[in-house]
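Engineer: Can you keep this structure in mind? I'll have questions shortly.
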Amino acid sequence: MITFQEAILRLQNYWNAQGCALLQPIDLEVGAGTSHTATFLRAIGPEPWRAAYVQPSRRPKDARYGENPNRLHQHHQYQVVLKPSPPDILELYLGSLRALGIDTLKNDIRFVEDNWENPTLGAWGLGWEVWMNGMEITQFTYFQQVGGIECRPITGEITYGLERLAMYLQDIDNVFDLVYTTWKDRGVDRVLRYGDVFHQNEVEQSRYNFEASDAQVLLGQFTLFEAEAKRLMDLQLALPAYEMVLKAGHTFNLLDARGAISVTERAGYIGRIRNLARAVAQSYYDSRERLGFPMLDEAARREAA
Amino acid sequence: MTSASLLVELNTEELPPKALKSLSEAFAAGLEKGLRGRDFLTDASRVTAFGAPRRLAVHITAVESRSADKPLRQKLMPLAVARDKAGQWTTAFLKKLEALGRAHLAGLPLGTHDGPDCLGIQNDGKVDAVFLTSVTRGSALAVGLQSALEDAIEKLPIPKVMNYQLADGSTTVQFVRPAHRLVALHDAVVVPVHALGLQAGRETFGHRFHSEGPLAIASADDYGAQLEREGKVIASFEARRSRIAALVGEAAQRLNATPVMPEALLDEVTALVEWPVVYASEFEPEFLAVPQECLVLTMQQNQKYFALQDASGRLLNRFLLVSHLEASDGGAAIIAGNARVVRARLADARFFYDQDRKRTLESRLPLLASVIYHAKLGSQLERVERITGIAVEIAKMLGVDRTHVERAARLAKADLRTDMVGEFPELQGLMGRYYAQHDGEPADVASAIEEHYRPRFADDALPATPVGTCVALADKLETLVGLFGIGEKPTGDKDPFALRRHAIGVLRMLGEKRLPLAIDAMLAVAVQAFNGMKAFKAADADLTAFLYDRLRGLLREQGYSANEVESVVSQSPQRIDDVAERLAAVRAFMQLPEAESLAAANKRIGNILRKSEGAAASVDPSLLFEPAEKALAEAFAQAAPRAQQRFAVGDFAGSLQALAPLRLPVDKFFDDVMVNVEDASLRANRLALLAQLRAQMNRVADLALLAAG
């Protein structure tokens, strides 16, 4: 049996062999691996990039007090980005499934059209959700636009849902029963389960999201983060400004989960975050351009100029 | 020059299933058109389109390897301009020849051939002119196919175009999804064309998992068979679709069941697999406690499964899935995996169903206040209040139980705030009915909640209950009157609020259910509901015209001729329930020997009345003195009461028939009597007689429109 962490290790090994920088998660609250600077910002502009990392992803609205076997306040994504996307990217992806011990002659793997759009990030792409025996295990996207900027070259993004994949590999119906790891303690086999690691967090974060968060405080924070993002962009500090945008985004998600945002207000907030994301994307592009796109090789730089 | 089959295939990453069929057909049609236009096809050429998740292909028989040379004759210039008085070629003419690359022809005597080229003088119909006869050389298939391929790709109906880079990492290509191979074979020979950065060859890829490495296609005619044999791919969309339908049918039969097989699902599944293999799986029978429609929708929409029913139409806890793998374990992992997924999905559906039933529909009404219906027309709750008001008025007019209509209208939209409808919007109305039953609402109230959305599409059933009919009418009238009232009328082919469908729904209910409701009265009731709304301004005239236009369309579809329809609709009938009788009467009338003559007379009367003013209010018998007008007045006095009496009891055919005896007196009147005479009082009296006559004749339909010519 493959433990939760072994699944991650196998993916790390596999993508290490494909020349990806194995990065760490972004140390801020985000809803998806896409929000990591290693994806969102690196997808912008002409410079090549290959990275892979685990990203704890918070979805306040999906919190279920640890009582639902499939839904979590925080799940984990394994994110791979390849830029420019190589022609054999789908084969590379299928190779990673085989590395996880998935037999593609026993399991029905299908690429089912699913075009991705994130209005708050001003981003969209075309691609598929990957089905294994009817279950979505991966989101695959060819980025077309990020922060309102056309992508050139295109980044291929592979996002594995780690819990789902592991539940499948371990043949388990309740996420909290997943085997995180095993060890021997003075000759006795011991098991650490997913629930041992995360259940209390699910319960408490759910209470926070739905009962204990203070809408007034959050509203104040949202306004503050928004203002800071703008101020930092004026100072040409693209990366700190981007972090403020992420904080504003997460604050919005908390407000939304709390039910503090009406249907009509919702569109307004999303518009405000989108405007920030666009501005920060441009700001990042400009900053790389000022540096002369240092990661381009000579020939490519001449072409880009 | 040889004629043989041509095969062109674009091998791609998985294409969008909803667009696959149209992409495949457009690709085939585009290539056919391009090759035909370039003279590579013959009458014997047959085109076959192939479309599978990873490929678009076209096979065309009898394609020429070269297009034929074609004789060409072109007028160069009038002789008077080409030659000077001395009989020498002018500079202008020499320049022209040079531009055509045929300067040397100037030195040859006229009529002398240099290869196919030859200059000559002929009359162009006006003047003598110099002509060049020559030949346009045909081109090689590679040349023609190159342009045809470019055009075909350019014109593909791609829903969303994507950018991607070729292997060099920098050349950007635009297509549906990345393309990896291009095959172009004329018989067994590769046609050296290129597209999307790919050079044509004979190699393609077969099945993603059942075929390894590139597959070399031997010849154009072998394509389909070879792919199926060696590549485990059924490239033809239609063949794959029939195979799936057959496999699903057989698998269902083995389970003693009938598959639920909507066309759209069959199409979608066909576009998702290259090698269909059907497996049966199942879920726990407990889930059958959830309404069947929810289970079926979950299986179809989320998982693309075929649900199974028993002989009595009851849903079974088994389903069929279409995989694309002949799994090495016989399908054990696929069956178990899908069972696990559907369990989680159905658990969600059951959770929604259980949660939803914890609160009554009525308690959800206030939640509609926070759902915007339209920025200018307020919330869904305000809309519900308007619908309720309109429905109650209609109930009064139709003599339907007011309290039940009011209840049903009030609850009609409450299910929009349930979890189940949030997840599956298509279940709106239906879930309302289930929840209303659970809440203990009266049976006709529960039914009406579901029925009020009907008819949802052309040929959909109408509401079955009177309560449902009142609410359905109110819902549609509110939509029409409200959106017309804020200027959201459909324009051209833009009809974002489906107002045409709403209007047709209203007309169908009035007509097919024979509801004795007058259009003006209904609209007045609906307009009343918008009282005090700032942005609203009643647009009755526009809306009435819109309704009559839809009525015209509906009646034409039912097989009535344009004239028949117009004769009735032009009279702006207030009641739609008797339009069918009017049309039947018109048809019966047209069978009468007197019909043609009366229709012509009617038209003539109409023309006279249109041009003349000053008809008297009524006919004064003392002013009638011509025998023919006396006779007509007399005949009318006899026929009219009977016509009116038949009309009053709704016997439109009888009413028209009663006018038949007027034919002779009318014809005689026009033969003998002059209407527009000097004497004003005589003229006014005659006009009055004609006006009276016409009014009576046209109570059922405008007979003038039935006149020949």
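Engineer: Six or more apart or on different chains, Cβ under 6 Å: which pairs go from a residue in the range B:145-167 that's without any contact (Cβ under 8 Å) to a residue 24 or more places away in the chain and within 14 Å of chain A (Cβ to nearest Cβ) to one that's among the polar types (S, T, N, Q) and surrounded by fewer than 15 Cβ atoms within 10 Å (Cβ to Cβ)? Could you list them?
Structural biologist: Hits for this filter: B:Val161/B:Gln174; B:Asn163/B:Thr172; B:Asn163/B:Gln174; B:Gln165/B:Thr172.
Engineer: With the checklist (1) at pLDDT below 95; (2) closer than 27 Å to B:Ser3 by Cα in hand, flag the one item B:Pro159 doesn't pass.
Structural biologist: (2)
Engineer: Only residues that are in a strand (DSSP E or B) and either without any contact (Cβ under 8 Å) to a residue 40 or more places away in the chain or within 13 Å of chain A (Cβ to nearest Cβ) (or both): list them for the range B:260-281, please.
Structural biologist: Matches in the range B:260-281: B:Val277, B:Val278, B:Tyr279, B:Ser281.
Engineer: I'd like the full set of residues that are within 8 Å of chain A (Cβ to nearest Cβ) and surrounded by fewer than 23 Cβ atoms within 10 Å (Cβ to Cβ), limited to the range B:325-334.
Structural biologist: Across the range B:325-334, the qualifying residues are B:Ala327, B:Ser328, B:Asp329, B:Ala332, B:Ala333.
Engineer: Exactly one of these conditions fails for B:Gly313: (1) without any contact (Cβ under 8 Å) to a residue 60 or more places away in the chain; (2) within 11 Å of chain A (Cβ to nearest Cβ). Give me its number.
Structural biologist: So the condition that B:Gly313 fails would be (2).
Engineer: Search the range A:249-292 for residues being of a type in the set (Phe, Trp, Tyr) and at pLDDT 95 or above, and hand back the single one that is farthest from the chain's Cα centre (by Cα).
Structural biologist: A:Tyr285
Engineer: May I ask you to list the residues in the range A:111-126 that are in contact with a Ser or Thr (Cβ under 8 Å, 6 or more places away or on another chain) and either more than 9 Å from chain B (Cβ to nearest Cβ) or of a type in the set (Lys, Arg) (or both)?
Structural biologist: Once the filter is applied, which keeps residues that are in contact with a Ser or Thr (Cβ under 8 Å, 6 or more places away or on another chain) and either more than 9 Å from chain B (Cβ to nearest Cβ) or of a type in the set (Lys, Arg) (or both), the range A:111-126 yields A:Trp116, A:Asn118, A:Leu121, A:Ala123.
Engineer: Count, please, the residues in the range A:104-141 that happen to be out of contact with any helix residue (DSSP H, G or I) (no Cβ under 7 Å at 6 or more places or on another chain), within 23 Å of B:Gln300 (Cα to Cα) and assigned to a loop (DSSP other than H, G, I, E, B).
Structural biologist: Selection size over the range A:104-141: 2.
Engineer: Quick one: is B:Lys18 surrounded by fewer than 17 Cβ atoms within 10 Å (Cβ to Cβ) and within 14 Å of another protein chain (Cβ to nearest Cβ)?
Structural biologist: Spelling it out, B:Lys18 is indeed surrounded by fewer than 17 Cβ atoms within 10 Å (Cβ to Cβ) and within 14 Å of another protein chain (Cβ to nearest Cβ).
Engineer: Separate question: Being aliphatic (A, V, I, L, M), closer than 21 Å to B:Gly37 by Cβ and in a helix (DSSP H, G or I), is that true of even one residue in the range B:198-214?
Structural biologist: no
Engineer: So, in the range B:22-35, of the ones that are surrounded by fewer than 22 Cβ atoms within 10 Å (Cβ to Cβ) and either within 11 Å of chain A (Cβ to nearest Cβ) or touching a strand residue (DSSP E or B) at 6+ places or on another chain (Cβ under 6 Å) (or both), which residue ends up nearest to A:Val130 (Cα to Cα)?
Structural biologist: So, considering only residues that are surrounded by fewer than 22 Cβ atoms within 10 Å (Cβ to Cβ) and either within 11 Å of chain A (Cβ to nearest Cβ) or touching a strand residue (DSSP E or B) at 6+ places or on another chain (Cβ under 6 Å) (or both), the one nearest to A:Val130 (Cα to Cα) is B:Glu25.
Engineer: Checking A:Thr39 against (1) away from chain B (no Cβ under 14 Å); (2) assigned to a loop (DSSP other than H, G, I, E, B); (3) buried (at least 18 other Cβ atoms within 10 Å of the Cβ): exactly one of these is not met. Which one?
Structural biologist: (2)
Residues are listed down the side, and each one gets a yes or a no for (1) modelled with pLDDT under 95; (2) part of a loop (DSSP other than H, G, I, E, B):
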{"residue": "B:Asn11", "(1), (2)": "no, no"}
{"residue": "B:Glu14", "(1), (2)": "no, yes"}
{"residue": "B:Ala28", "(1), (2)": "no, no"}
{"residue": "B:Ala44", "(1), (2)": "yes, yes"}
{"residue": "B:Val58", "(1), (2)": "no, no"}
{"residue": "B:Pro71", "(1), (2)": "yes, no"}
{"residue": "B:Lys85", "(1), (2)": "yes, yes"}
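Engineer: Another question, then. Which of the residues that make up the range A:175-200 are surrounded by 12 or more Cβ atoms within 10 Å (Cβ to Cβ) and aromatic (Phe, Trp, Tyr)?
Structural biologist: A:Phe176, A:Tyr180, A:Tyr194, A:Phe198
Engineer: Being part of a helix (DSSP H, G or I), closer than 24 Å to B:Leu23 by Cβ, more than 10 Å from every other protein chain (Cβ to nearest Cβ) and not charged (D, E, K, R) is the requirement here; does B:Gln301 meet it?
Structural biologist: yes
Engineer: For the range A:142-160, name all the residues that are part of a strand (DSSP E or B) and either within 9 Å of another protein chain (Cβ to nearest Cβ) or crowded, with 20+ Cβ neighbours inside 10 Å (or both).
Structural biologist: A:Tyr142, A:Phe143, A:Gln144, A:Val146, A:Glu150, A:Gly156, A:Glu157, A:Ile158, A:Thr159, A:Tyr160
Engineer: Say we look at the range B:121-140 and pick out the residues that are among the aliphatic types (A, V, I, L, M) and in a strand (DSSP E or B); which of these is nearest to the chain's Cα centre (by Cα)?
Structural biologist: B:Ala140
Engineer: Moving on to the next point. Would you be able to tell me the number of residues in the range A:18-71 that are under 15 Å from the mean Cα position of the chain (by Cα), hydrophobic (A, V, I, L, M, F, W, C) and more than 22 Å from A:Trp124 (Cα to Cα)?
Structural biologist: Total satisfying the criteria: 3.
Engineer: Tell me, yes or no, whether the range B:343-361 has at least one residue that is assigned to a loop (DSSP other than H, G, I, E, B), touching a Leu at 6+ places or on another chain (Cβ under 8 Å), buried (at least 17 other Cβ atoms within 10 Å of the Cβ) and more than 12 Å from chain A (Cβ to nearest Cβ).
Structural biologist: So far as the range B:343-361 goes, yes, one or more of its residues are assigned to a loop (DSSP other than H, G, I, E, B), touching a Leu at 6+ places or on another chain (Cβ under 8 Å), buried (at least 17 other Cβ atoms within 10 Å of the Cβ) and more than 12 Å from chain A (Cβ to nearest Cβ).
The values are calculated or read from the model by the stated rules, or taken from the named source; none is laboratory data. Being a predicted model, the structure only gives us computed values, none of them experimental. As a convention, Cβ positions derive from the backbone with ideal geometry for all residues, glycine included, and neighbour counts pool all protein chains shown.
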